[in-house]
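> Sending over a structure as structure tokens; questions will come in a sec.
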């Protein structure tokens with residue numbers, strides 16, 4: 001699994017001109033899934049994200065997690081995170097998982113992160129064409145890959 005985590009002041013996702021999810025202060029997670037991902041990846045990544053200290057404390061130091069600040073989470077599936085640009089100029093997405101594998105993993109990730117943060121997560125819709133809007137705070141943007149554990 002590969003995730004891009006952005007600390008946001010607000011974020012929303014629109015599908016077919018209808019707002020599907022909206023959050024205030026919190027994190028936007030763009031999540032890419034590949035065929036080799038499993039429940040271990042889900043548990044590790046969810047735990048890492050939920051405890052990631054990217055929010056400022058009273059001294060202005062990034063020392064608090066999304067849970068510590070009662071932040072919200074917006075989760076968007078994004079197969080393009082597994083793009084390969086090795087050959088030519090048209091990205092290849094051969095590492096991105098097919099829906100029959102990715103959808104159950106995506107749904108399990110939603111449940112896991114909701115359990116880890118103790119709060120409901122807003123989401124996009126897997127496979128849909130989505131318009132994502134956000135106000136990045138900082139900006140703070142972090143990329144995590146479960147295969148590298150970083």
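Just so it is clear, none of the values below were taken in a lab; they were calculated from the coordinates. In this text the structure is predicted, and so the values were computed from the model without any measurement. Note that each Cβ is placed from the backbone with ideal geometry, even for glycine, and that neighbours are counted across all protein chains shown.
> For 30, 134, which order do you get if you count the other beta carbons within 10 Å of each Cβ and list the fewest first?
Working: 30 20, 134 17.
Taking fewest neighbouring Cβ atoms as first place, the list is 134, 30.
> How large are Rg and Dmax for the stretch 2-145 when calculated on the C-alpha trace, in angstrom?
Over the stretch 2-145's Cα set, Rg and Dmax evaluate to 15.1, 48 Å.
> Sorting 13, 66, 61 on the 10 Å Cβ count, fewest up front, what's the list?
On the way: 13 23, 66 26, 61 10.
Listing 13, 66, 61 from fewest to most nearby Cβ atoms yields 61, 13, 66.
> Quick check: Cα centre of the stretch 66-106 to Cα centre of the stretch 135-150, how many Å?
So the separation of the two Cα centres works out to 13 Å.
> Express in nm, to one decimal, how much length is gained between residue 38 and residue 80 on full extension, taking 0.36 nm for each residue of separation and deducting their alpha carbon distance. Could the numbers behind the result be given before it?
Values: separation 42, 0.36 × 42 = 15.12 nm, distance 1.90 nm.
The residue 38-residue 80 span can extend by a further 13.2 nm.
> By counting other Cβ atoms within 10 Å of each Cβ, how are 144, 42, 29 ranked from fewest to most? List each step's numbers first, then the result.
On the way: 144 18, 42 21, 29 25.
Ranking 144, 42, 29 by Cβ neighbours within 10 Å, fewest first, gives 144, 42, 29.
> May I ask you to order 114-122, 1-9, 92-100 by the average number of other C-beta atoms within 10 Å around their residues, highest value first? If you can, show how the numbers build up before the last one.
Values: 114-122: 16.2, 1-9: 21.2, 92-100: 13.7.
Order by mean packing, descending: 1-9, 114-122, 92-100.
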